[in-house]
Amino acid sequence: MEIQFGLIDFLLVAPAVALFVMSCVPLLIKVMRGNQEQNTMATLVYAYTGVFAAMGFCLPTIGATRTAFEGALVFDGVSAFATIVILFCTAVALTFARDSQSTNPKQFTETVFLMMNAAVGMLTMVWANDLIIVFVGLELFSLCLYMMIAMSLEEKVSKEAAFKYFILGSFASALMLYGISFIYGTVGSTYLPELLSSTQNLLATNRLFLLGFVLLIVGLLFKAAVFPFHAWAPDVYQGAPTPLTAFMATGVKAATLAFFLRLVASQAFTVERFWPFVDVMQWMIVLTILIGNVGAFRQRSLKRMLAYSSIAHSGYVMIGMIAAGIGGASMLGATGVMFYIVSYAIMTIGAFGVLHMLEPRPDSDLTVEDLRGLAARKPWLALALTVLLLSLTGIPPTVGFFGKFFLFSAAVKQGLIWLAVWGVIGSIISVYYYLRPVVAMYMEEPVIAPAQVNMRPLSYFAVSFLALLVLVFGIASEPLYQVVLASVAKVF
Amino acid sequence: MLLSLLIFLPVLFALIVAMLPEKVIRPASLLMSLLHFALSLVLFYRFNPSSAGLQLIEKTPWLPTFGVNYFVGIDGISFWLVILSTFLTPLVVLGSWTAITEKIRSFHICLFLLSSAMIGTFLALDAILFYAFFEASLIPMYFMVGVWGGARRLYATMKFFIYTMAGSLFMLVAIIALIFMTQEQLGTMSASIPDFYKLQIPFVAGDLLNTQTILFFAFALAFAIKVPMFPVHTWLPDAHVEAPTPGSVILAAVMLKMGTYGFLRFVLPIFPLAAEYWAWLFMLLGVIGIIYGALVAMVQPDIKKLVAYSSVSHMGYVMLGIFALNIYGVTGGLYQMLNHGISTGALFLLVGMLYERTHSRQIADYGGLAKVAPIYTIAFIIVTFSSIAVPLTNGFIGEFLILLGGFEANKIFGGFAVLGVILGAVYMLWAVKRIFFGAPGKLVGGGGDTGHGGHGVHAGHGHGHAAHGSHDDHSGLDLEIGAREMFVLAPLVILIFWMGLFPSDFLNWSKASLDHLVQNRTNYQLNVEE
């Protein structure tokens, strides 16, 4: 087969190219200067240039559905939307990485290089129109993340986290690849449109294909930290440097869930043969919500608490996914999922961002007690964290409330009221642990002398902006919802 | 514009307070809250009491995909509750003049945001908008109890938040279900409450798992927790005891009314069949609440806790009245909401005034207060009369109507509710006797000379004395209230008599709406008057 591609293909992948090129520039400069680290601000400026150029290249592709490289990549609403979310998270996480205490100042260039290439991997995954490409993207960002976790200045926990993530991540990748091999074995192709159009048929007739499909989904559920594939998340999120945790918790999920939506769009969940697995998945979601919330309830470490809460949020978003799936790819579920990806990204990255500003040392593991009296010392930072936490709880008028509203609506619409009720029970438990930091900040006095808050202006600006965004998208959620609706409409 | 202005003006006030210099915050807040109250009085000119429909409507799309609008309006049911909210804010600002000494700025910001959310709750005619205000009102109250509260404030505020949130989240799912039902039955998705009234929700008597019953209980749970109704009332005594005086006043006087208002606005008209079928349960729980609240109040050594449990008892009357489902009961229920707002609000203010001076709320520490603080005593006794429904006070009208309605609906419940009236008189009058009469308590001072010698001279030393609880010389404490506090109490006392002597001045504004609600209960519609 002769493969042809032209300029248009390169224009479409320009965001990834821009990210890659600009990630290499600081690295080259460092090499030219005899391995001398240049000013971190200059490195950050190169990185920003890459990310914002990528956003700029992405914008013209919105609106039309195109494929590139003989259909290996697809650029539709879902991929464009996920691209913007991932790039946004990358920009914010880069900012945090520069200001964080846990980033080795002698290796900042490498951190930037890896983070931007992880973003390239995520973009590849959301653009992928072929299972092999999906796998390549997934591995690219996973490998970058393993290394970045281990690069933390903190010596013990981060190494453990990196190793744990590497072992379990490889295991999940292997399962996924195993699944892809079954699919290839039965269909003779890894090209997604070809697969998706016949998925319904194949699921009903071919057991091997069913097995392959389930394994593929298991690989995704691992990355999204859904029970019983969630156990890595608390350790890894806690051990990783906080800016990277913020990046992982948002970027990886956005990429994984966006791809998941593509599978769901195949209407696989409506096949009768597949129903037992859908039932199992519903129970997995219920347990994810329960374990995430109960786990978070019991934590003293804030990072670990947010890690468990992110498991719970995976559970909520999967409610929408199931609703999208069993409703014959219902729009309501899919838009709910996409909307939640954005709202979750904004509030989670913001919350981790505030945490990293409060960490005095690379190895500090903040507890609720460390937040005591923050409102008196840093009123605006405390207010920003309060807004972000209220949004994670789902209290109006924040974007988190509307995220949950859309997900629960999708569930109710599909008759999955019991899932919505479990979501509600989870949210009730979550009130306690999300409000405990607020209690500490506003209502308790510090017992020991509080540590210095790391008020680097760029991070400060970023978390304030995110907190503001939570309110703006909360009060004016309709415009965002329309954008999400338009982006999903082409795919479903 | 008027209603939006009423809702969002306090937000503007909060922003202004955020920027003002610390010294002028109190007078400025007082001025602004009076302005807000004055603005709400414009309603008397704009509101037409002879119509049962929704008036002064404002409607703009908010989330059109789900039929959610920014939709506000007023009718006879919400009319007085809005006035009550705006009326109490200046009193609370004035009443907290010396009670709140720390973080004055944040306190007033909380107060104004709370006022905005409460008025929004009463005026919202869109279920999602209602939910947003209903939930948003938790946050300022959460801070008010948690930051300015007593020793166990963190426990109390967390409990308050989780209880209320737990109920309302189930309501959210029920609201979503109703929104999809409008799509099926009316063709377009709509979250507006008048559209919910048009729904025919399937109901099977005797069957627990039918749509109307499930939705009914989802809503009823949310509001019952807020009321609070026995057995989900346990957050209330904790929150009240730990809350600072202004917090207790707002909580008792207005926030609890969000629950009873919810029953009138949502539960009765949207689920008429389930409400009728399950009315006995709510009347029963109401009566249990009346008697249980009274009995527990009787044995409280702490005055504030006594008032808190009396709230449980009084709200039981309101629930009994509402679920009597006849015109007397419902009218009495609405009237009792206002009465409870005024009398319990006043009681909390009075307890707060005493606490500020002596830093004790133990009944045992007092006695013979009537001699040293006559004006305070008179005010307290008037409010007590209102609370125990002595004729000529507002409480009498409300409880009489409720009992009338209760008897008409069910003789047994009516009978037990009367027992509650007697118990109410017992615990309040017994408390009054112990606090104001008899031998002087240890905080009141010994001989008859205390009243004169202490005036003014030692007034500022209240704190010092209270710090040493065992200090036996308390004769220096000036327990009489000052001019500012009289200004706070005077409007409440006037209202107690006004509402007791001329109830029709008040009820005429709500009559049309309540008549309409009771007569067309099974086929309730509300005209939206442009």
Selected residue (only one of A:K378, A:K404 is at the interface with chain B (Cβ under 10 Å from one of its Cβ atoms) and within 24 Å of A:F465 (Cβ to Cβ)): A:K404
Matching residues, the stretch A:430-479, being surrounded by fewer than 19 Cβ atoms within 10 Å (Cβ to Cβ) and in contact with a Phe, Trp or Tyr (Cβ under 8 Å, 6 or more places away or on another chain): A:Y432, A:S464, A:E478
Hey, A:A420 within 20 Å of A:G292 (Cα to Cα) and within 12 Å of chain B (Cβ to nearest Cβ) or not: yes
Quick one: in the stretch B:94-130, of everything that is at negative phi, outside any helix (DSSP H, G or I) and within 14 Å of another protein chain (Cβ to nearest Cβ), which residue is nearest to the chain's Cα centre (by Cα)? B:A124
Are there any pairs, at least 6 apart or on different chains, whose C-beta atoms fall under 7 Å, with the first in the stretch A:434-459 and within 14 Å of chain B (Cβ to nearest Cβ) and the second in a loop (DSSP other than H, G, I, E, B), and if so, which? A:A440/A:R372; A:E444/A:R372; A:E444/A:G373; A:E445/A:R372; A:E445/A:G373
Where in the stretch B:1-71 are the helices (runs of 4 or more DSSP H), entirely inside, with at least 1 residues that are surrounded by 21 or more Cβ atoms within 10 Å (Cβ to Cβ) and of a type in the set (V, I, T)? B:2-19
Go through the stretch A:185-225 and count every residue that is in a helix (DSSP H, G or I) and either surrounded by 22 or more Cβ atoms within 10 Å (Cβ to Cβ) or among the hydrophobic types (A, V, I, L, M, F, W, C) (or both). 24
Hits in the stretch B:433-442 - residues which are buried (at least 19 other Cβ atoms within 10 Å of the Cβ) and either aliphatic (A, V, I, L, M) or under 23 Å from the mean Cα position of the chain (by Cα) (or both): B:I435
Of the conditions (1) assigned to a helix (DSSP H, G or I); (2) in contact with a Lys or Arg (Cβ under 8 Å, 6 or more places away or on another chain); (3) surrounded by fewer than 24 Cβ atoms within 10 Å (Cβ to Cβ), the single one that B:L325 does not satisfy is (1)
Within the stretch A:1-36, the count of residues that are in contact (Cβ under 8 Å) with a residue 40 or more places away in the chain, under 15 Å from A:R66 (Cα atoms), in a loop (DSSP other than H, G, I, E, B) and over 27 Å from the mean Cα position of the chain (by Cα) comes to 1
Tally time: how many residues in the stretch A:438-467 are within 26 Å of the chain's Cα centre (by Cα) and in a loop (DSSP other than H, G, I, E, B)? 3
Pick from the stretch A:115-163, criterion closer than 18 Å to A:A97 by Cα and outside any helix (DSSP H, G or I), ranking: modelled with the highest pLDDT: A:M151
Checking B:I83 against (1) within 18 Å of the chain's Cα centre (by Cα); (2) not in a helix (DSSP H, G or I), which single condition isn't satisfied? (2)
Filtered residues of the stretch A:423-433 (kept if facing chain B (nearest Cβ under 7 Å) and of a type in the set (A, V, I, L, M)): A:V424, A:I428, A:V431
Counted residues in the stretch B:102-116 being crowded, with 24+ Cβ neighbours inside 10 Å and of a type in the set (A, V, I, L, M) come to 2
Out of A:T61, A:T43, A:T49, I need the residue that is at pLDDT 85 or above, crowded, with 18+ Cβ neighbours inside 10 Å and closer than 20 Å to A:M116 by Cβ. Which one? A:T43
Members of the stretch B:309-324 that are of a type in the set (V, I, T) and more than 16 Å from B:V232 (Cβ to Cβ): B:I322
So A:A254 ticks every box in (1) buried (at least 23 other Cβ atoms within 10 Å of the Cβ); (2) modelled with pLDDT under 90; (3) closer than 22 Å to A:A128 by Cβ but one. Which box is left unticked? (2)
Run down A:A411, A:A345 and say which single residue is crowded, with 24+ Cβ neighbours inside 10 Å, within 26 Å of A:I428 (Cβ to Cβ) and either among the small types (G, A, S) or modelled with pLDDT under 90 (or both). A:A411
Among the residues of the stretch B:234-254, write down those that are buried (at least 24 other Cβ atoms within 10 Å of the Cβ) and either under 18 Å from B:W80 (Cβ atoms) or not hydrophobic (A, V, I, L, M, F, W, C) (or both). B:P237, B:H240, B:E242, B:P246, B:G247, B:S248, B:V249, B:I250, B:A252, B:A253, B:V254
Need a quick list: helices (runs of 4 or more DSSP H) entirely within the stretch A:231-295 having at least 3 residues that are touching a residue at least 60 places away in the same chain (Cβ under 8 Å) and more than 14 Å from the chain's Cα centre (by Cα). A:232-239, A:253-264
Report, by residue number, each residue of the stretch B:356-371 that is of a type in the set (S, T, Y) and farther than 10 Å from B:R434 by Cβ. B:T358, B:S360
Considering the stretch B:170-217 alone, what residues qualify as being within 14 Å of chain A (Cβ to nearest Cβ), outside any helix (DSSP H, G or I) and hydrophobic (A, V, I, L, M, F, W, C)? B:M189, B:A191, B:L209
Restricted to the stretch B:121-168 and to residues being touching a Cys at 6+ places or on another chain (Cβ under 9 Å) and among the aliphatic types (A, V, I, L, M), the residue surrounded by the most Cβ atoms within 10 Å (Cβ to Cβ) is B:M144
Residues of the stretch B:38-93 being within 14 Å of another protein chain (Cβ to nearest Cβ) and on the phi < 0 side of the Ramachandran plot, which ones? B:T60, B:P61, B:W62, B:L63, B:P64, B:T65, B:F66, B:V68, B:N69, B:Y70
Flagged in the stretch B:480-520 as crowded, with 16+ Cβ neighbours inside 10 Å and among the basic types (K, R), in numbering order, are B:K511
Tell me, which residue of the stretch A:58-73 that is farther than 19 Å from A:V92 by Cβ and part of a helix (DSSP H, G or I) is nearest to the chain's Cα centre (by Cα)? A:T61
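The values are calculated or read from the model by the stated rules, or taken from the named source; none is laboratory data. Model, not experiment: these values are computed from the prediction. Heads up, the Cβs are rebuilt from the backbone with ideal geometry, glycines too, and the neighbour counts pull from every protein chain shown.
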